[in-house]
Amino acid sequence: MSNPFSEEIVVAAARLVVEEGLEYAAAKRRAARDLARHGGRGGRGAGLPSNEAVEDAVREHIALFCAETQPAELAALRRVALDWMRRLAPFRPHLAGAVWRGTATRLSSVHLELYCDDSKAAEIALVNAGVDFELAPGSGPELSVLSVSSPCRELGEPVTLHLHLQDHDDLRGALRTDGQGRTWRGDLAALERLLAALEQG
């Protein structure tokens, strides 16, 4: 870390991710605001830590406080993702975010990236299947984001799925890895292998 304030942001952000289900960007911003307000440090000039740093802290937090419950919650979310990836197979779905990376809890959303020749086709497929969704504009390379509420019997409550619609040409860069060689996302076959390995112990 570049400074002690950044290290404090990492720890505080990780807690917000695990205990409140915030996404990394929102958790880092809120942690920075809270620490600056209470400690008088940081402010606009303070750089926020990387997602990788926060993710490492999330893993540590889970190991300390959620080790007994998190694995089952993660598996349940991955099975929800698997069901939707099979339903959305024509759109080349890839699982991303905490559910893919293994840091999700019951508060986490499922993030699926769909690589479409025509983004409207995914919307039409949901409409034809009778699935209600909310449409929001995308950010960066995303064309748009469709948010869906899906029941999860294992968790006993609905799970939020965010379907990030991407241009088909962006698929070529989808399997880039992080600094430790871990992928940021995985396709249907990769998720099936992951779940099969977990079930075999």
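Would you mind finding the one in A57, A81, A121 that is more than 28 Å from I9 (Cα to Cα), of a type in the set (A, V, I, L, M) and modelled with pLDDT of 95 or more? I'd like the intermediate steps shown before the answer.
Numbers: A57 fails: more than 28 Å from I9 (Cα to Cα); A121 fails: modelled with pLDDT of 95 or more.
From the options A57, A81, A121, the qualifying one is A81.
So which residues in the stretch 145-187 are touching a strand residue (DSSP E or B) at 6+ places or on another chain (Cβ under 8 Å) and of a type in the set (S, T, N, Q)? Give the steps one after another, and end with the answer.
From the stretch 145-187, those touching a strand residue (DSSP E or B) at 6+ places or on another chain (Cβ under 8 Å) are 145-152, 158-168, 170-171, 174-177, 183-187; that's our starting set.
Of everything in the stretch 145-187, those that are touching a strand residue (DSSP E or B) at 6+ places or on another chain (Cβ under 8 Å) and of a type in the set (S, T, N, Q) turn out to be S147, S149, S150, T160, Q166, T177, T183.
For the stretch 181-201, indicate whether the set of residues that are of a type outside the set (K, R) and farther than 30 Å from A63 by Cα is non-empty. Reasoning before the result, please.
Restricting attention to the stretch 181-201, the residues satisfying the condition of being of a type outside the set (K, R) are 181, 183-184, 186-192, 194-201.
So of that shortlist, the ones also farther than 30 Å from A63 by Cα come out as none.
No, the conditions are met nowhere in the stretch 181-201.
For A36, are the conditions met, namely being closer than 19 Å to V110 by Cβ and either in contact with a Pro (Cβ under 7 Å, 6 or more places away or on another chain) or modelled with pLDDT under 95 (or both)? Give the steps one after another, and end with the answer.
Values: closer than 19 Å to V110 by Cβ: no; either in contact with a Pro (Cβ under 7 Å, 6 or more places away or on another chain) or modelled with pLDDT under 95 (or both): yes.
So A36 does not fit the description; no.
Go through the stretch 51-80 and count every residue that is farther than 20 Å from V159 by Cα and polar (S, T, N, Q).
Of the residues in that region, 1 qualify.
A quick yes/no check of all residues on (1) modelled with pLDDT of 95 or more; (2) of a type in the set (G, A, S):
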| residue | (1), (2) |
| --- | --- |
| F5 | no, no |
| A13 | yes, yes |
| A25 | no, yes |
| R41 | no, no |
| G45 | no, yes |
| L48 | no, no |
| T69 | yes, no |
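Checking the structure you have, find out if any residue of the stretch 119-128 is in contact with a Pro (Cβ under 8 Å, 6 or more places away or on another chain), buried (at least 19 other Cβ atoms within 10 Å of the Cβ) and either without any contact (Cβ under 8 Å) to a residue 60 or more places away in the chain or in the same structural domain as V10 (by TED's automatic domain parsing) (or both).
Within the stretch 119-128 (the criterion being in contact with a Pro (Cβ under 8 Å, 6 or more places away or on another chain), buried (at least 19 other Cβ atoms within 10 Å of the Cβ) and either without any contact (Cβ under 8 Å) to a residue 60 or more places away in the chain or in the same structural domain as V10 (by TED's automatic domain parsing) (or both)), the answer is no, since none of the residues qualifies.
The values are calculated or read from the model by the stated rules, or taken from the named source; none is laboratory data. These numbers were taken from a predicted model, which means no experiment stands behind them. Methodologically, a virtual Cβ is constructed for each residue, glycine included, from the backbone with ideal geometry; neighbour enumeration extends over all protein chains shown.
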